[in-house]
Amino acid sequence: MAVGTTVVRTLESAALAASVGQIRPHSGTTEIFISPGFEFRLVGALLTNFHLPQSSLLMLVSAFAGRERVLAAYEYAVRQKYRFFSYGDCMFIA
């Protein structure tokens with residue numbers, strides 16, 4: 001389980017750089033951009049905030065859970081007056 005989108009990017013970047021099934025300690029930067037169609041290799045669950053519309057973070061969440069499911073969750077969150085952005089409510093996606 002990843003806590004936050006930065007952790008997702010870090011873990012998936014490490015998984016892409018590693019041999020099959022092996023992740024080793026590493027430091028450096030990543031240029032990974034996760035959008036719908038991305039094949040997740042390592043992360044199986046995600047805890048994250050509700051992100052801004054049309055953001056790369058919303059694209060990452062949509063890649064993980066599916067665009068339609070994410071949009072439905074956001075519609076529900078708006079109706080329920082959930083708080084968005086960095087200090088708002090969060091969601092668990094598995």
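The values are calculated or read from the model by the stated rules, or taken from the named source; none is laboratory data. Quick caveat, the model's predicted, so the values are computed rather than measured. For neighbour counting, all protein chains shown are included, and Cβ atoms are generated from backbone atoms with ideal geometry for every residue, glycine included. Quick note on the areas: whole protein, heavy atoms, side chains included, nothing else; ligands and nucleic acids left out. Shrake-Rupley method; radii C 1.70, N 1.55, O 1.52, S 1.80 Å.
Quick look at the numbers
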| item | result |
| --- | --- |
| Under the span-like rule (Cα at least 15 Å along the axis, Kyte-Doolittle mean at least 0.0), DSSP H helices of the chain | 5-17 |
| Environment charge of Phe33, counting only residues whose C-beta is closer than 11 Å and scoring Lys/Arg +1, Asp/Glu -1 | -1 |
| Computed [θ] at 222 nm, deg cm²/dmol, the chain (DSSP H ≥ 4; -39,500 (n - 2.57); rounded to nearest 500) | -12000 deg cm²/dmol |
| In sequence order, calculated HN-Hα J values of region 26-39 (Karplus, 6.51, -1.76, 1.60; Hz; x Gly/Pro) | 7, 9, x, 10, 9, 10, 4, 10, 9, 9, x, x, 5, 9 |
| Accessible-area composition of the chain, carbon plus sulfur, in percent [1.4 Å probe] | 55 |
| Long-range amide H partners of Phe84 with built H, under 5 Å | Asp89 |
| Inter-probe distance in nm under a simple model that places probes 7 Å from Cα toward Cβ, at Arg69 and Leu16 | 2.2 |
| Share of Cα-Cα pairs in the chain lying beyond 16 Å, as whole percent | 55 |
| With at most 11 neighbouring Cβ atoms within 10 Å, loop chymotrypsin sites (Phe, Trp or Tyr not before Pro) (DSSP) excluded, longest segment of the chain | 34-84 |
| Contour minus Cα-Cα distance for Val7 and Ser56 (0.36 nm per residue) | 16.2 nm |
| Surface accessible to a 1.4 Å probe, per residue, for the residues of the chain, Å² | 69 |
| Net charge dipole size for the chain [Lys, Arg +1 and Asp, Glu -1 on Cβ; Debye, nearest 20] | 160 |
| Arg79 versus His26: modelled label distance in nm, points set 7 Å from Cα along the beta carbon direction | 4.2 |
